[in-house]
Amino acid sequence: MPEFCDVALPVPLDMVFTYRVAAGLTPVVGGRVLVPFRQQRMSGIVTELHDRKPNITTKNVISVLDPAAVLDADLLRLGRWIADYYLAPVGEVFRTMLPLSAEFKRIIGYRITDEGQAALHLTGVSGSSRRSQRSPEEQAEEIRVLDFLAGHAAESDFGGVTAAVENASYQGTTSVVPPAEVGSPVREKTLRSATGASRKILEGMLRKKWITRADLSSPQDATRTMKVAVLKSAQGKLNDNQRKIIDALTAAAGRIPVETLHELDVPRTTLTTLIKRGLIALEDTPADFTISRTKPRPSLFDFDLSSPQQAALKRLRDDVAAKKFSGMLLHGVTGSGKTAVYLAAMRSVLESGRSAILLVPEIGLTPAVAADLHQIFGDEVAILHSALSDRERAEQWHRIKRGDARMVVGTRSAVFAPVHDLALIIVDEEHDSSYKQEETPRYHARDVAVMRAKMSSAVVVLGSATPSLESYFNSRKNKYALIELPDRVEKRPLPEVEIIDMRLEFQETGHEQVISRKLAAQIKDRLDRKEQVMVLLNRRGYSPVVLCRTCGKKLECNNCAIALTHHKREHKMVCHYCGYTAPVPTACVHCGSEYVYFLGTGSEKLEELLHGMFPQARIARLDRDTVRGHEDFERTLAGLNEGELDLLVGTQMIAKGHDIHGVTLVGVVGADVALGLPDFRAAERTFQLLTQVAGRAGRGQSPGKVILQTYFQDHYAVQYAARHDFQGFYEKELQFRSWMHYPPYSALANVLVRSDKLDDALTWSGELGRWFEKTRHEGVRVLGPAAAPIMRLKRDYRYHFVLKSPSREKLNNTLRAMLTYATQQKIPRTQVIVDVDALWLM
């Protein structure tokens, strides 16, 4: 076994760390190890085993967490490519690739020091410490902490973990706690619960060296279990409540999950009594996992594939059979049957004994697609997305890793699924911005999917009715094969689109309208005919702006340069960026005037208006305020599918991929909201959203209609969307992009400099700006520094640079040189954000 190993740790440093491999340990490349890092324990990925002795003293690996690699050679290679391409620390990339946080439990413990004992003695004698000036409340908290730690028994309640920490040599680094400290540490949770101490108090006591902190983090079993009640006997005298439980168990063959028993109309103490009497016992059993509660569509393959679908499927199967990399763009209008092609191709892959991954943009789409896959492929399906618990994600990941599931469906992180013999990756709605991660590492799942397919000699399919300009441009340049599905299935017509000019509506009615007369009449007509309606307003809340009519100022977030949104049902003002909340004002917070005006309309207000206009209609709302988890999303869409709802109001969540055959009318309120944003992609996003939401209408036997309400009816994005003319929009938008050297004609990066102190943000951005000016960067255009459109976000002041270059290599070389210079100038790495291929410049 080599003497040293290099470990990638999830820290914001562009390097790996070398550790000594102690005798008896056998780490593997691609496996996880537990190592000391500064004053804590961390798990990291072994990237290399070697005998090259470093010039500095090395610490020892604490333990090996995996006997075999969790990231194989292909995934390690992919992770290194992501780190290089997106200029992200490789350790943070590997952490993103592995959804196994549930298998590592972070435990922090505290001990009292000699100085702490002295401080406690002085406090006890004099009644006040002479060490510092503190409030009586803070003194009392500190005394309680010191007293509790001093009185803690020598025996540890941490078992073998703590014993190893205390008995090991500090220099041997099986511990991160100096050997001079004795006594077992007290778990932070226990200490705070017993003393009421805040983290601020504990941090202060650490600075005063009254206490020390020990990191006792260790692996843990992430297996999900549930309590099951088992009937042992039905004999004896029983009251009515006890009889209900016994009868329920008898009817279920003597075994019922405890959660199910809690749904019975009996007190919970009844079950406890039966357990004490020995009539019922509790057992821990592996918890069930439901792939999806959504009903699968019954007719996925009941209809014959159209000629274009058959041609697309044949091309897909041929390319998969060739076992060579190929990329293709499947451009099909809404309702053209792209999903049927995907699933038929995945069935062919499974029959050949190989694996496939299907990516979808929204968590809300995952259960519906997973239900379809589960109907076809059974237990061969695994699901990966962020709405699952940590333990559920780990469980699904291990199923894939073992080969129990070869069909994977999920959101962007599913691109890292550890499938064996990967044959096919499908990226549905490839244009969707949610495939781009907005935190480190800022990867784009679509582009990572293409690279993974290339590294695995697999086929990648990018599918959309409104492809991104970059993907369509690449297909025109023959980087991808372009496959067209120009018609809806069964020759169903695309919906008729009518544009309502809201300027004219105002002139004719004399007041501002949220729902135009035409849309209101069309909704009434559809409801009278027992048909379903969708209405889109891509803005959450009740009123997006609260304005003072006296001083003209608006109510803004304390942490962001963003107006707070009024949420009427929750009776509070909310920032949609950082989550800050404030009470609903009765007077202006700036001047005290009582003339406060709630301006604009959000989806909550729209729902209320529609309830008033159509009181007999069954109306639901779908946005991030009503959807707290994937179950809420499934429940609402199931209600629409089952005909239990007449009208659905929502944000862009209702626009993506849903196949509801009863919807014959789609209304779009505020179709042009995004056109006012200072973003070169505003027109593209507007066109895509309008086209996608229009595609929800007329997917069944009845023809559909779409009504677009807009103040900019002549804008080309609105006009081309109304005509379902992607090609026309593509040519027009591409012309503007070429003039301004924006993607796809240039590679683009956004460099954001941030700090909670305005002076620091200005100083650092100024230093980098001067470096860009005095350093030659051939072939790279640099715009900035300038204040970001949202200048303050989550307490940070923000300035940015936009870099463009026709050469991606020159762009990335410039960015690396800039990061090196920033490090030399002592600008913290975490305060300089590099977003390669940025989608969001705000």
| message | Looking at the structure I just gave you, is Ile523 in contact (Cβ under 8 Å) with a residue 60 or more places away in the chain, closer than 22 Å to Asp659 by Cα and β-branched (Val, Ile, Thr)? | response | yes
| request: Could you tell me whether region 554-577 includes any residue that is within 28 Å of Ala697 (Cβ to Cβ) and β-branched (Val, Ile, Thr)? | output: no
| task | Out of Thr636, Thr686, report the one residue that is touching a helix residue (DSSP H, G or I) at 6+ places or on another chain (Cβ under 9 Å) and without any contact (Cβ under 8 Å) to a residue 40 or more places away in the chain. | result | Thr686
| Given (1) more than 29 Å from Thr466 (Cα to Cα); (2) small (Gly, Ala, Ser); (3) under 26 Å from the mean Cα position of the chain (by Cα), index of the condition Gly600 fails | (3)
| request: Quickly run through region 389-406 and pick out the residues that are over 22 Å from Arg77 (Cα atoms), open to solvent by 10 Å² or more (accessible area, probe 1.4 Å) and without any contact (Cβ under 8 Å) to a residue 60 or more places away in the chain. | output: Arg399, Asp404
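What do you reckon, is Pro441 touching a residue at least 12 places away in the same chain (Cβ under 8 Å), surrounded by 14 or more Cβ atoms within 10 Å (Cβ to Cβ) and under 22 Å from Ala721 (Cβ atoms)? Walk me through it before giving the result.
Details: touching a residue at least 12 places away in the same chain (Cβ under 8 Å): yes; surrounded by 14 or more Cβ atoms within 10 Å (Cβ to Cβ): yes; under 22 Å from Ala721 (Cβ atoms): no.
Considered against the rule, which asks whether it is touching a residue at least 12 places away in the same chain (Cβ under 8 Å), surrounded by 14 or more Cβ atoms within 10 Å (Cβ to Cβ) and under 22 Å from Ala721 (Cβ atoms), Pro441 comes out as no.
Conditions tested, residue by residue: (1) touching a Lys or Arg at 6+ places or on another chain (Cβ under 7 Å); (2) within 25 Å of Leu216 (Cα to Cα); (3) free of Cβ contacts under 8 Å to residues at least 24 places away in the same chain.
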position	(1), (2), (3)
Thr57	no, yes, yes
Ser63	no, yes, no
Leu76	no, no, no
Ala83	no, no, no
| request: Please work out if Leu537 is closer than 24 Å to Arg723 by Cβ and open to solvent by 40 Å² or more (accessible area, probe 1.4 Å). | output: no
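Go over the candidates Val448, Val489, Val460 one by one and state the one that is of a type in the set (A, V, I, L, M, F, W, C) and under 24 Å from His661 (Cβ atoms). Give the steps one after another, and end with the answer.
On the way: Val448 fails: under 24 Å from His661 (Cβ atoms); Val460 fails: under 24 Å from His661 (Cβ atoms).
Among Val448, Val489, Val460, only Val489 is of a type in the set (A, V, I, L, M, F, W, C) and under 24 Å from His661 (Cβ atoms).
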| note | Exception for His715 within (1) under 24 Å from Glu438 (Cβ atoms); (2) at pLDDT below 95 falls at (1)
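Mind telling me which of the residues Val753, Val780 ends up being in contact with a helix residue (DSSP H, G or I) (Cβ under 8 Å, 6 or more places away or on another chain), closer than 30 Å to Glu556 by Cβ and of a type in the set (Val, Ile, Thr)? Before the answer, list the steps.
Values: Val780 fails: closer than 30 Å to Glu556 by Cβ.
So the residue among Val753, Val780 that is in contact with a helix residue (DSSP H, G or I) (Cβ under 8 Å, 6 or more places away or on another chain), closer than 30 Å to Glu556 by Cβ and of a type in the set (Val, Ile, Thr) is Val753.
Enumerate the helices (runs of 4 or more DSSP H) found wholly within region 218-288, keeping only those where 3 or more residues are modelled with pLDDT of 85 or more and open to solvent by less than 20 Å² (accessible area, probe 1.4 Å).
Details: elements: 240-251, 258-262, 268-276.
Filter on region 218-288 gives 240-251, 268-276.
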| query | Of the residues Ser765, Ser807, which is open to solvent by less than 20 Å² (accessible area, probe 1.4 Å) and polar (S, T, N, Q)? | reply | Ser765
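Do you know which of the residues in region 425-438 that are assigned to a helix (DSSP H, G or I) and surrounded by fewer than 24 Cβ atoms within 10 Å (Cβ to Cβ) is nearest to the chain's Cα centre (by Cα)?
If we take residues in region 425-438 being assigned to a helix (DSSP H, G or I) and surrounded by fewer than 24 Cβ atoms within 10 Å (Cβ to Cβ), then Ser434 is nearest to the chain's Cα centre (by Cα).
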| query | Can you name the condition, by its number, that Val649 falls short on among (1) in a loop (DSSP other than H, G, I, E, B); (2) more than 20 Å from Asp725 (Cα to Cα)? | reply | (1)
| open to solvent by 40 Å² or more (accessible area, probe 1.4 Å) and among the hydroxyl-bearing types (Ser, Thr, Tyr): does that describe Thr47? | no
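Looking only at helices (runs of 4 or more DSSP H) that lie completely in region 70-179, which have at least 2 residues being in contact with a Phe, Trp or Tyr (Cβ under 8 Å, 6 or more places away or on another chain) and at pLDDT 75 or above? Can you show your working first?
Details: elements: 73-85, 90-97, 114-126, 136-150, 160-167.
Passing ranges, in order: 73-85, 90-97, 114-126, 136-150.
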| If Pro36 passes every condition in (1) in contact with a Leu (Cβ under 7 Å, 6 or more places away or on another chain); (2) buried (at least 19 other Cβ atoms within 10 Å of the Cβ); (3) at pLDDT 90 or above but one, which one does it miss? | (1)
| said: Which numbered condition in (1) modelled with pLDDT under 95; (2) open to solvent by less than 30 Å² (accessible area, probe 1.4 Å); (3) under 19 Å from Val836 (Cα atoms) is the only one that Ala721 fails? | reply: (3)
| request: Would you mind listing the helices (runs of 4 or more DSSP H) fully within region 698-806 where at least 1 residues are within 30 Å of Lys524 (Cα to Cα)? | output: 716-722
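Does His576 count as out of contact with any helix residue (DSSP H, G or I) (no Cβ under 8 Å at 6 or more places or on another chain) and either open to solvent by 30 Å² or more (accessible area, probe 1.4 Å) or assigned to a helix (DSSP H, G or I) (or both)?
Numbers: out of contact with any helix residue (DSSP H, G or I) (no Cβ under 8 Å at 6 or more places or on another chain): yes; either open to solvent by 30 Å² or more (accessible area, probe 1.4 Å) or assigned to a helix (DSSP H, G or I) (or both): yes.
Yes; evaluated as a whole, the condition is true for this residue.
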| Test result for Ala234, of a type in the set (A, V, I, L, M), without any contact (Cβ under 8 Å) to a residue 12 or more places away in the chain and farther than 17 Å from Gly116 by Cα | no
| query | Do we find a residue being closer than 24 Å to Ala674 by Cβ, touching a strand residue (DSSP E or B) at 6+ places or on another chain (Cβ under 8 Å), touching a residue at least 12 places away in the same chain (Cβ under 8 Å) and of a type in the set (Val, Ile, Thr) anywhere in region 783-797? | reply | yes
| note | Heads up, the helices (runs of 4 or more DSSP H) in region 462-553 (entirely inside) with at least 1 residues that are farther than 27 Å from Glu684 by Cβ and of a type in the set (Gly, Ala, Ser) are 517-528
| Which pairs do you get when a residue that is modelled with pLDDT of 95 or more and assigned to a strand (DSSP E or B), found in region 407-424, comes within reach of a residue that is surrounded by fewer than 24 Cβ atoms within 10 Å (Cβ to Cβ) and not aliphatic (A, V, I, L, M), reach meaning Cβ atoms under 6 angstrom, with the pair 6+ apart or on two chains? | Leu422/Ser456; Ala423/Arg354
| request: Considering only residues that are surrounded by 15 or more Cβ atoms within 10 Å (Cβ to Cβ) and in contact (Cβ under 8 Å) with a residue 40 or more places away in the chain, look in region 810-828 and name the one that is farthest from Ala749 (Cα to Cα). | output: Ile827
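The values are calculated or read from the model by the stated rules, or taken from the named source; none is laboratory data. Worth saying up front: this structure is predicted, and the values here are computed from it rather than measured. Because the Cβ atoms are built from the backbone with ideal geometry, glycine has one as well, and the counts that use them run over all protein chains shown. Heavy atoms of the whole protein, side chains included, go into the accessibility calculation; ligands, DNA and RNA do not. Shrake-Rupley method; radii C 1.70, N 1.55, O 1.52, S 1.80 Å.
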